[in-house]
Every structure is written in C-alpha cells, then in structure tokens.
1. Which order do PHE47, PHE41 fall in if you start with the one that has the fewest other Cβ atoms within 10 Å?
2. Take THR16, THR38, THR102 and order them by how many other Cβ atoms sit within 10 Å, fewest up front.
3. What is the gain in length, in nm to one decimal, between ILE110 and ALA18 on full extension, counting 0.36 nm per residue of separation less the C-alpha to C-alpha distance?
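We did not get these values from a lab; they are worked out from the coordinates using the rules stated. This one's a predicted model, so the numbers in the text were calculated from it and none came from an experiment. Virtual Cβ from ideal backbone geometry, glycine too; neighbours counted across all protein chains shown.
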Amino acid sequence: MQKNVIEEKKVNIGLTIAIHSIIFVGAFLISAKLAEITGRFLVTWLFILIPAVLFSLFGIAARLDSRQNIMQNLAIVVIAAVYLIVSAIAGIVLNCLNVSETLFYSVEIIIMVIGIAAVLWGYRGKRYIEH
C-alpha cells in the first residue's frame, strides 16, 4: 500500500515537472518572438523568462510540499499562463503605440510584480486561509 503511494507521488512530481517545463519552453518561445517584434531584448530575459523560471520552481515546490494540493499547483499553472499571455500582449501593444522606453518597462515591471505576487498567493494562500 505504501509503495503505491510512493509510486503515485513520483508520477505526480514527474507530471508537474513536465507541465512546468512546457510553460518554460512556451515562455522562451513567446519571449523570443516578442523580442523579435519589439526589438527590446531586455524584455525577453527580465520580464518573461525570469518570472517563468520562478513560476516553474514554485509549481514544482508546491507538488513536493505534502501540504499543498493539486488545485494549488493548477492555480500556479493558470496564473503563469495568464501572466505570459498578458505580458506578451502588453509588450506588443506598447510597442505598436510607440511609447517611451521608460513607460514600456514600467508597465512590464508592474505586470511582472502582479504575476509573481499572484503565484505566491497561489502557493501560500490556502495555508494562510486555513489558519
């Protein structure tokens, strides 16, 4: 019985790592395309890839933490996907509006901070609500 639980946990962790790897690859592809469209390569590394790595690490940590459940991991995956889409769309729209570099990076930083805060809430939120 205990062996089945351990096997199931290994499968869940492997699936989690696979899902978050897909998110990271998606983030890399989105950021590469965004950098090509906007010509602003700082966006690629700072505003998309670094948060994607953080989201993946939080998602994997949520599955390794026995107190976290699958819904919290799913929340992190959804938040990460929404963040990547919003960040990419904002970058393209701001580039089309031909805004200044300062405004462009300010908006991307605000989106990044909100995205990271949302992932932290998804990771830790349930535990705070229960206590």
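1. Neighbour counts put them in this order, fewest first: PHE41, PHE47.
2. Ordered from fewest to most neighbouring Cβ atoms within 10 Å, THR16, THR38, THR102 come out as THR102, THR38, THR16.
3. Contour length minus the Cα-Cα distance gives 30.3 nm.
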